[in-house]
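So the structure is just underneath, and the comments pick up after that.
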Amino acid sequence: NIHEITEHVCSLVQAEARDQLQIQRDYDPSIPDLMGDREQLIQALLNIMRNAMQAILSGRDASNGQITLRTRTLRQFTIGPTRHRLVCRLEITDNGPGIAPGIVDSIFYPMVSGRAEGTGLGLSITQNIITRHHGLIECDSVPGCTTFTLFLPLPTTSGEEE
């Protein structure tokens, strides 16, 4: 259940942020369970949300920090060469300072980080996990609004991804 995973990660991030930011939820309760490794998906989502939290808390106006999680389904969505009947779209949006324009096109490469203390491995690992789940990850960032969008195939009623 994608919402069980998001709620677990939200509780971890809230504890780490010591309630210094708000997490908004906009969930589609009709999304069916997806096939995947729960622990790996938790890690992928935690990497993105932890980056968002760190960006917000390092900013000048951290008191208004907010992360929004939004889930929706998409029908007939193509990932790579495969068209899927049903896909879960999970958006993680934060109101932090944004990703520097010079690195936004390479953030999924290992060793690329926007933080001096960052290792540059979190988003690379996240992309690898999402790819292993036959999914896709995208990023759009401007100052004050960064959105990571995950697309994960959902099984059809026959139990097959198509």
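Model label sites at Arg18 and Val142, defined 7 Å from Cα along the beta-carbon direction, differ in position by 3.4 nm. Val13: net charge of surrounding residues, Cβ under 12 Å, Lys/Arg +1, Asp/Glu -1, itself excluded? Taking every Cβ under 12 Å from that of Val13, the sum is -2.
Using only Cα atoms, tell me the angle between helix 2-17 and the longest principal axis of the chain; keep it within 0 to 90° and round to the nearest 10. Between helix and principal axis, roughly 10 degrees.
Peptides 20-28, 76-84 ranked from most to least packed, by the mean per-residue count of other Cβ atoms within 10 Å: 20-28, 76-84.
Think of the chain as a dipole: +1 on every Lys or Arg Cβ, -1 on every Asp or Glu Cβ, centred on the Cα centre; then among Gly102, Leu69, Cys10, Gly102 lies furthest on the positive end. Share of carbon and sulfur in the accessible area of segment 1-54 stands at 46%, probe radius 1.4 Å. Quick one: if the Förster radius is 30 Å, what FRET efficiency do Ser11 and Arg83 give, using the C-beta to C-beta distance and rounding to 0.05? About 0.25, to the nearest 0.05. Summarising the overall dimensions of the chain from its C-alpha atoms, the Rg and Dmax are 15.5, 51 angstrom. So which residue, out of Asn128, Asn64, Asn95, gets the largest mean-square fluctuation from a GNM of the chain using Cα contacts under 10 Å as springs? Comparing Asn128, Asn64, Asn95 in a Gaussian network model of the chain, the most mobile one is Asn64. Between Met35 and Asn64, the FRET efficiency estimated from the beta carbon spacing at R0 = 35 angstrom works out to 0.40.
Over the chain, dividing the summed -39,500 (n - 2.57) contributions of all DSSP H runs of at least 4 residues by the number of residues returns a 222 nm mean residue ellipticity of -10000 deg cm²/dmol.
What the Cα atoms of segment 1-83 give is an Rg and a Dmax of 14.6, 43 Å. Short-range pairs are left out: with C-alpha atoms under 8 Å and at least six residues apart, the relative contact order of the chain is 24 percent.
Taking 0.36 nm per residue of sequence separation and subtracting the Cα-Cα distance, how much length would be gained by fully extending the chain between Val104 and Gln76, in nm to one decimal? Length gained between Val104 and Gln76: 7.3 nm. Counting 0.36 nm for each residue step from Arg132 to Tyr27 and taking away their Cα separation leaves a gain of 35.4 nm.
Backbone amide hydrogens, once placed in the peptide plane, bring His84 within less than 5 Å of Phe77, Thr78, Ile79, excluding anything fewer than 5 places away on its chain. The GNM of the chain, with springs linking C-alpha atoms under 10 angstrom apart, assigns the highest mean-square fluctuation among Ser58, Ser11, Ser30 to Ser30. Relative to the longest principal axis of the Cα atoms of the chain, the long axis of helix 38-58 makes an angle of roughly 30 degrees. Think of the chain as having a plus end and a minus end, set by charges on the Cβ of Lys, Arg, Asp and Glu; of Cys145, Ile125, Pro81, Cys145 sits farthest toward the positive end of this dipole.
The values are calculated or read from the model by the stated rules, or taken from the named source; none is laboratory data. These numbers come from a predicted model, not from an experiment. Cβ: placed from backbone, ideal geometry, glycine included. Neighbour counts: every protein chain shown. Note: accessible area is taken over every heavy atom of the protein model, side chains too, but ligands, DNA and RNA are not part of it. Shrake-Rupley method; radii C 1.70, N 1.55, O 1.52, S 1.80 Å.
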